[in-house]
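Quick notes on the structure that follows.
Each value in this text was obtained by applying a stated rule to the coordinates, not by laboratory testing. Quick caveat, the model's predicted, so the values are computed rather than measured. In this analysis, Cβ positions are derived from the backbone assuming ideal geometry, glycine residues included, and neighbour counts consider all displayed protein chains.
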């Protein structure tokens, strides 16, 4: 009986606003025998709207809460290891551990990079980090899961919301990760995952006036200057791509966490 | 009751010796421009020509960048404590020559001597003093055990706080071991050039700081020069975007401190007399030539009439005139170009239906002047509520609930600063949490301190100046 049972395949769709729509364009492209949604400009815009809508709630959540949600992602990913069987041994483990590493930063980063400032006057003056807003992420093209987690987690742990374009040729782990996120208490719209042609989607994100920052990690080498120029239209914070895809197994450091944070300084009067 | 008039109380300009012409400061010496053209700098209060300065050409800029490149290995290789001591020397020299520099600043910029004397100069010196101490403590600053300088910093500063902005740029760059090419604004070059003499007095090694004067073309030559590793710019959002575009695809790092349209939010429980002083300080300080100026007054409806009455009464007491007079509150508009822009946007305010009000105010016949002005009946769609005027013009809007105040305050592509006036501490922090701005002043406005990070959200730019955070702009990593 079991031998004759027909396997139920998965439809690989986009992840926008907590739902799994197909591309509004109806397009798909073939990856490893699967038809993967090929997102359009309109899908990008929908994803940005979802990310913007999710921003007040997510950035307004307590740091403790965000940390727990990220830890929950690690728990859910741990339970779905089998679904990533196409990946190299150890990559899912490393991705789980990466979520946990960033989860812990949620309620610590403000203590590390915030300050009280001893101004020469009767003011309590303090500075603390706040999320930049909606962050567009071009995920690394090679490392389809660990690399993806390593660019998404640092952006969202501090309260940003994300529209991420998955690795173009290796999008399947991103879609499966989206299914993990959907079952991990991550509010809809905090992470939006688009699959498709990076060269088609990146310029739309770079030029979008409601995107506050862009991570160019997965951009094609020849496209960086154009993307940066487009990003200047509303002065997006730009994280430039590394010269070559980095070793994602190394300890990440704070660079990605700090790239999408603003510093706010408050002057509060002192008086009796 | 008879009115007691003030007697004139002018500061003497004899303390400053303005030369008829100035060269560029390159490699430790004043030199003539190679491909630069001379231009005149005027006193905006009188239109009198103060001196001739050089608009540096691309060759001149290249020479300055080369001098900075050549000086970089030795400067960055100096024992950090020695770098710090140079900065302490500079801080002391600025303090010692502060009378001269304050008078010169007021002459060249048009700002009241009270402000240049009591704010610009003390803060400039304090900035050098603060960063001097960081030079040999960088390994404790949270940027790794051995943070490295970037190299040559090209720094472009505006005309509203010429010497103070120079200090904001040079002090952290030098403390971290970078060498600099600084371009002051074309209408306010003189204090930077006198500051170059201070560098000579301090015996700063040649080439560590180079000062090239000129306008936009000189700035463009600096931004696009291949020998520059870092651009730090303070100025308009429009030019900031142009700079961001022109470094696209390079490895140059940039920090931008740009325009603003700050909301100054007054709640009905605020001490209104104090708030009036804060509103005046927010928008009429430095003739409103302040990127973080509180140019949008958001007042709670229930106290709007009372507050406006008090505000108008206060505006009528402001004294506009000779910047060198110690009793002057409002000086000259920095240039005819800026005056034209302020007039144009104010006229748009009229045309779009807002109501203009200014106190009876006699403007001097010569020079560039604009009376303190407020507009009521302003809607959020009006250009005077959206665009940076960079002049003594206040747009007044009202709100009913705290949530509406937040909504209106954040309804701008900028995000540099904001003000909150209320007696309630919890409301201050509630507002501070929600305002999308880099600096939030509670029951005060336009306060600055070298220890306090300053900079914007969104289209007000990126990067911070001041404090530990200000070091990041000049360190690798």
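Residues in the stretch A:252-272 that are touching a helix residue (DSSP H, G or I) at 6+ places or on another chain (Cβ under 8 Å) and without any contact (Cβ under 8 Å) to a residue 40 or more places away in the chain: none.
Being in a loop (DSSP other than H, G, I, E, B) and crowded, with 24+ Cβ neighbours inside 10 Å is the filter here; which residues of the stretch A:174-204 pass it?
Step one: filter the stretch A:174-204 for residues in a loop (DSSP other than H, G, I, E, B), giving A:183-190, A:195-197.
If the condition is that a residue be in a loop (DSSP other than H, G, I, E, B) and crowded, with 24+ Cβ neighbours inside 10 Å, then A:189, A:190, A:195, A:196 are the ones that fit.
Applying the set (1) within 14 Å of chain B (Cβ to nearest Cβ); (2) without any contact (Cβ under 8 Å) to a residue 60 or more places away in the chain; (3) within 28 Å of residue B:251 (Cβ to Cβ) to residue A:168 leaves exactly one unmet item: (1). Among the residues of the stretch B:259-286, those that are in contact with a helix residue (DSSP H, G or I) (Cβ under 9 Å, 6 or more places away or on another chain) and either on the phi > 0 side of the Ramachandran plot or in a loop (DSSP other than H, G, I, E, B) (or both) comprise B:259, B:260, B:261, B:262, B:267, B:268, B:269, B:270, B:284, B:286.
For the stretch A:259-272, taking the residues that are at the interface with another protein chain (Cβ under 9 Å from one of its Cβ atoms) and surrounded by fewer than 18 Cβ atoms within 10 Å (Cβ to Cβ), the one that is nearest to residue B:418 (Cα to Cα) is identified as A:269. Kindly indicate whether any position in the stretch A:212-220 is surrounded by fewer than 18 Cβ atoms within 10 Å (Cβ to Cβ), outside any strand (DSSP E or B) and free of Cβ contacts under 8 Å to residues at least 24 places away in the same chain. Yes: the stretch A:212-220 contains one or more residues that are surrounded by fewer than 18 Cβ atoms within 10 Å (Cβ to Cβ), outside any strand (DSSP E or B) and free of Cβ contacts under 8 Å to residues at least 24 places away in the same chain.
Among the helices (runs of 4 or more DSSP H) confined to the stretch B:334-453, the ones with at least 3 residues that are within 11 Å of chain A (Cβ to nearest Cβ) and without any contact (Cβ under 8 Å) to a residue 24 or more places away in the chain are located at B:425-434.
Of everything in the stretch B:454-477 that is farther than 22 Å from residue B:235 by Cα and within 8 Å of chain A (Cβ to nearest Cβ), the residue that is surrounded by the fewest Cβ atoms within 10 Å (Cβ to Cβ) is B:477.
In the stretch A:129-158, of all residues being out of contact with any strand residue (DSSP E or B) (no Cβ under 6 Å at 6 or more places or on another chain) and within 14 Å of another protein chain (Cβ to nearest Cβ), the one that is nearest to residue A:230 (Cα to Cα) corresponds to A:133. Among the candidates B:153, B:132, B:167, B:126, the residue that is part of a helix (DSSP H, G or I), under 23 Å from residue B:61 (Cα atoms) and touching a helix residue (DSSP H, G or I) at 6+ places or on another chain (Cβ under 8 Å) is uniquely B:167. Looking at the structure I just gave you, is residue B:310 over 23 Å from residue B:387 (Cα atoms) and either part of a helix (DSSP H, G or I) or touching a strand residue (DSSP E or B) at 6+ places or on another chain (Cβ under 6 Å) (or both)? Yes.
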